[in-house]
Amino acid sequence: MASRIPSLDTEVIVTGVSPSRRRRQLRKTTESYSFLAPTLALLLVLMIVPIVMVVGYSFQDNVILGKSGEFVGIANYVAILTDAGFWRATSNTVIFTVTSVAAHLVLGLGFAMMLNSKLIGAFPRAIFRGLYVLPWLFTVAVIAVLWRMLLAPNGVINFLLNSDIEWLASPQLALGTVTFINIWAGYPFFMVSLLAGLQGIPGDLYEAATVDGASPTQRFWNVTIPQLRPIIVSLLLLDMIWTSQQFALIWMTTGGGPIDVTEVLSTFTYKLAFAKYDFSSAATSAVLVLLMSMVLAIFYVRHQKARD
Amino acid sequence: MTSTGQGHSKALKMVGAATAVVSLLTATGCSAGGASGTDADGDVTIEFAQWWEPELPDGEFRALIDQFEEENPGIKVDLVSGPYASTKEQLFAGAASGTMPDVVGLDGAWVNDFAAQGVIANLTELMTDSGYDESELASQIQVDGATYMIPVVNFVYPMFTNDALLAEAGVMSPPSTRTEFADAASKITALDNGASGWVLPLSLESPNGVQNDVMSWVWASGGSMLDAGQPDLTNAEVTSAVDYISELWDAGVIAPGSFTMKEQDKVEEFTNGRVGMMIDSLAHINLIRETNPDLEFSISAIPAEDGYDGERGIPYASWGIGVAENSEHKDAAFKLVSYLMSEDVNSDLSTMANAFPGNTESVPAFVTDDELFAKAFEIYQAGYPANEFTGLPVAEELMRLLGEQLQSELDGQQSVDEALKNAQTAWKSEF
């Protein structure tokens, strides 16, 4: 059995006197926290303070613009939760998010499997990979301007379809149209991540399944999907969080209109803050959005922990 | 000390120093105020935040300010320039944190909110204190009887007509009444060459179409959307104008895509010859000419109700100016305001901006140089500048609230009366 070699402390070497255990512990703790201090200071100033301030505002009236806010308890929460506009925005957010995330998964997985297929040669595969990943390279502002022009009543899409459909300006079509644009903009993230996952699946599993007589569909459901499951769950949760907070795309294409058909929680909150200058209500709405996002975030963290 | 000990100590010191720098940076970041102040020579530096400089030809606005600095030794002006939207956000953030620049470019739509917060100075007091003669000012924006904003230059919104389209449709002169306008719009649409009679931007992202393209019809016939400063959207004049717009909509003479169309889309449609008529700012004349030099267009007063022969209100937007309440150099700030409002400087600024002066004595050079502007000046002088949104609380939100109701009405979900009644209720809760 190897004997345990005691670690030599700097102070012991210099002074020859061993410091007390408590002092050693204290110094170690101080040292550790000193290394963490810059990160902790940034986290405090950039995350904790703003969040606490916003939560504080949500319990006050007349904040930011007034000289001093008054504590009003949960009055702001009652006002927001009884506002039909908030529920309309919530319902639109759910439709927009669930449809987008589901389509991202289906398209992302489909394209990833296609790019992973041995049926396509290396050169066409490189071309398709470049093409499919393109939407991800554009910033939201470019995507919004691009699609506004393409979908304009006298734009390219209507020219090709020989129609005069008001894709973004029609109350019946607008939510579907912005969801489509968001799907187009977001699927490459799924595609790239799932492609990496597919490339990591050992070929033996497919060979074994083939030997056992599994059809391609059975191989997909019993080999591919179980192997990709951890990645898929992570992607779904992350995309749910990101999509439910989508603001720029909707603001720049429809501004939440026509009427209120594309109003989502982010545009609803923005309008409260910067159109009505009602920062108390905006803070309340933001806190409610934070709570909803936290539910998703908790699922994500639990999933990550379970994986570890 | 051993090298290990020194290493530890150095590492700790570096971490400590890094933490101190981060804390200092974040702390200064939180409290960064304006750059205004007094330097060692006793010179005063004032900040002037506006969105005008980027909209004017390169260097011209700075040259005007340099001239001010020459005439007022001891005062330096630090121009804080950005696009309109950024300036707005910066001012609202500055208002909240008490760090507004000394002199601020203002839109009439913000004045009520800033005055209510007490973040912009009472200019009536500053004018009295400095013995300023206000008789030359074309207008002043007041809240509760005190001036908070002075319009430096005004951009009016007349009707633009595409001469070629009108002629092709057999309309020989720009329409002057609502009936003539509806007739011209339907004739242009009937040409069946893809062009529409009129264009109506109703985007909720930037809802100023409600002001410029909807309410302008009310003001052009001498109507009003207010009664003693309170909302009065259900009156006969507003109802008649919205009814009229609704009829144009049903007749299919309005360009498609209204509900998400913004001002720049409107100008683009007109410039490309896809609409025959629009109501727009004179500020866009140069843009239209540069983009489509072949387009022949005219400017006329906005059509009024048939039989109306009173003065026509013409919508306008202003580059307004105000002084921050937290400014430590209000005297210097007001000197800059009075300089920009002086006859010659105001003439120069109007000329640069293709706008009408805020000083009644100033005459911009383009009035004599350019036929279209001369015509516009004629219309401006024959009517009166009308913009009832200026000075109202949350003016942009009021436009958006009415815009939502109008969209709902045009989409057939409610009647004109219901739309106006709902908008009236929504407006009342904001006043």
Per-residue ³J(HN,Hα) for the stretch B:411-423, Karplus 6.51 cos²θ - 1.76 cosθ + 1.60, θ = phi - 60°, Hz, x for Gly and Pro: 7, x, 8, 7, 8, 4, 4, 5, 4, 5, 5, 5, 5
Average beta-carbon neighbours from other chains, 10 Å sphere, peptide A:38-46: 4
Order the peptides B:391-403, B:138-150 from the highest to the lowest mean number of other Cβ atoms within 10 Å of their residues. B:391-403, B:138-150
With all protein chains present, the protein assembly as shown has a carbon and sulfur share of its accessible area (1.4 Å probe) in percent of 59
Hey, can you rank B:231-237, A:298-304 by average C-beta count inside 10 Å, highest first? B:231-237, A:298-304
For peptide B:408-415, compute the average count of partner chain beta-carbon atoms within 10 Å of each residue's beta-carbon. 2
Send over a whole-number figure in Å² for the accessible area per residue of the stretch A:199-306, probe 1.4 Å. 47
Excluding ligands and nucleic acids, what accessible area in Å² is computed for B:VAL104 using a 1.4 Å probe, to the nearest 10? 0
Which residues qualify? For B:VAL152, with a placed amide H closer than 5 Å and at least 5 residues away or on another chain, they are B:TRP319, B:GLY320, B:ILE321
Solvent-accessible area buried by B and A, counting both chains, probe 1.4 angstrom, square angstrom: 3200
Using Cα centres only, tell me the gap between the stretch A:83-116 and the stretch B:46-94 in whole Å. 45
Tell me, what ³J(HN,Hα) does each residue in the stretch A:147-159 have, in order and in whole Hz, if you take phi through Karplus 6.51 cos²θ - 1.76 cosθ + 1.60 with θ = phi - 60° and put x for Gly and Pro? 6, 4, 6, 4, 9, 4, x, 10, x, 5, 4, 5, 5
So if R0 is 56 Å, what FRET efficiency would A:LEU36 and B:LEU287 give, r being the distance between their Cβ atoms, rounded to the nearest 0.05? 0.50
Relative to the first principal axis of the alpha-carbon coordinates of chain B, what is the inclination of helix B:330-341, with its axis defined by its Cα atoms, in degrees from 0 to 90 and to the nearest 10? 30
Tell me which residues come under 5 Å, amide H to amide H, from B:PHE297 once H is placed; ignore anything under 5 positions away on its chain. B:ASP163
The protein assembly as shown - share of DSSP beta bridges that are antiparallel (%, nearest 5): 65
Report the per residue volume, in Å³, of the convex hull enclosing the C-alpha atoms of chain B. 201
Counting residues in chain A as N, plug N into 2.2 N^0.38 Å and put the Cα Rg over that result. 1.38
Förster-model FRET efficiency, 25 Å R0, B:ALA190 and A:LEU150, C-beta, rounded to 0.05: 0.30
To the nearest 0.05, the calculated FRET efficiency linking B:ASP133 and B:SER173 through their beta-carbon distance, R0 being 45 Å, is 0.55
Divide by every residue of chain A the summed helix terms, -39500 (n - 2.57) for each DSSP H run of at least 4, and state the resulting mean residue ellipticity at 222 nm, rounded to the nearest 500 deg cm²/dmol. -23000 deg cm²/dmol
Highest average packing first - B:360-367, A:49-56, Cβ atoms within 10 Å: B:360-367, A:49-56
From the phi of every residue in the stretch A:106-115, what ³J(HN,Hα) in whole Hz does the Karplus formula 6.51 cos²θ - 1.76 cosθ + 1.60 yield, where θ is phi - 60° and glycine or proline is x? 4, 5, x, 5, x, 5, 4, 5, 5, 5
Would you mind checking which residues have amide H under 5 Å from B:SER176's amide H? H placed 1.01 Å from N; only 5 or more apart, or other chain. B:PHE181
Please give the average number of partner chain Cβ atoms lying within 10 Å of the Cβ of each residue in B:264-272, rounded to a whole number. 1
Volume per residue (Å³) of the convex hull spanned by the alpha carbons of the protein assembly as shown is 254
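The values are calculated or read from the model by the stated rules, or taken from the named source; none is laboratory data. These figures come from a predicted structure and were not determined experimentally. Glycine gets a Cβ as well: all are built from the backbone with ideal geometry, and neighbour counts include every protein chain shown. Keep in mind that these areas ignore ligands, DNA and RNA; they rest on the heavy atoms of the full protein, side chains included. Shrake-Rupley method; radii C 1.70, N 1.55, O 1.52, S 1.80 Å.
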